[in-house]
1. Say whether the condition of being at pLDDT below 90, surrounded by 14 or more Cβ atoms within 10 Å (Cβ to Cβ), over 22 Å from the mean Cα position of the chain (by Cα) and farther than 30 Å from ARG201 by Cα is met by at least one residue in the range 52-66.
2. Determine whether ARG130 is part of a helix (DSSP H, G or I), farther than 24 Å from ALA220 by Cα and not small (Gly, Ala, Ser).
3. Within the range 104-114, does at least one residue satisfy the condition of being aromatic (Phe, Trp, Tyr) and touching a residue at least 40 places away in the same chain (Cβ under 8 Å)?
4. Tell me yes or no: at least one residue of the range 73-87 is in contact with a strand residue (DSSP E or B) (Cβ under 9 Å, 6 or more places away or on another chain), touching a residue at least 24 places away in the same chain (Cβ under 8 Å) and outside any loop (DSSP other than H, G, I, E, B).
Amino acid sequence: MEQGSRDEIGQLPTERNRSVVTEDGVGRLSGAAVKRPQITDALARAFFEEWARVGYSALSLDAVARKARVGKAALYRRWRSKADMAADLVRQLSATAIVLSDPGDQGSLAADLYAALLAVRRILRHPLVRSILPDLYTAIPREPALAAAMQQGEMAREKKVKALVDRAIARGELPADVDRRAATDFLIGPLYWRIVVLGERCDRPRLKTLAHMTAAAITAG
């Protein structure tokens, strides 16, 4: 993964040495404990690391708290349950990924698609993202909260692709009635298959080919 993207994507770094901390930082909770951001970040990291290690079904919030080296009370002060924590963190991760995957106007449909594919590749190549995504989609039918979180992300992604398509329409590269939802599928599907399912790196020449083929498919549609 490119330098700098690992810590940007939902704060999912590798394991760090951590000391036991509490909300007031001195080994006890104050009467009106403030939710310290560093504790929230430690819990989020631990949650994703445990999810990647054991899968969602076997994931334990007790194990997450131990891994983050914080008390269970600090975790439950932020999230009521595993499903609540998973949905909240997936929603945050999805929002961050959407921001990172928006390259802006590159001047042409093919160039926009190539830049978007580069950005999406950075996200999909993160080791924890790559490990968690297949399990996430398996867990969604059993967890309505996760399904709702993912639906919000899908709607935001479609909005970003719509903006990309609208730019191409304004340039005269696409007809006004082009299927924007299909364009989203063309953009994400092949890259997800290559990187997450097949475990390939998908180098830049391959991305350029995908960009041109995707542009052709969207234009033909």
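The values are calculated or read from the model by the stated rules, or taken from the named source; none is laboratory data. No experiment lies behind these values; they were computed from the predicted model shown. Backbone-built Cβ (ideal geometry, glycine too); neighbour counts: all protein chains shown.
1. The first filter runs over the range 52-66 and keeps only residues at pLDDT below 90, leaving none.
Among the residues of the range 52-66, not one is at pLDDT below 90, surrounded by 14 or more Cβ atoms within 10 Å (Cβ to Cβ), over 22 Å from the mean Cα position of the chain (by Cα) and farther than 30 Å from ARG201 by Cα, which makes the answer no.
2. Criteria met by ARG130.
3. First, the residues of the range 104-114 that are aromatic (Phe, Trp, Tyr): 114.
Then drop every residue that is not touching a residue at least 40 places away in the same chain (Cβ under 8 Å), which leaves 114.
So far as the range 104-114 goes, yes, one or more of its residues are aromatic (Phe, Trp, Tyr) and touching a residue at least 40 places away in the same chain (Cβ under 8 Å).
4. Restricting attention to the range 73-87, the residues satisfying the condition of being in contact with a strand residue (DSSP E or B) (Cβ under 9 Å, 6 or more places away or on another chain) are 74.
Add one more test, that the residue is touching a residue at least 24 places away in the same chain (Cβ under 8 Å), and what stays is 74.
Narrowing further to those that are outside any loop (DSSP other than H, G, I, E, B): 74.
There is at least one residue in the range 73-87 that is in contact with a strand residue (DSSP E or B) (Cβ under 9 Å, 6 or more places away or on another chain), touching a residue at least 24 places away in the same chain (Cβ under 8 Å) and outside any loop (DSSP other than H, G, I, E, B).
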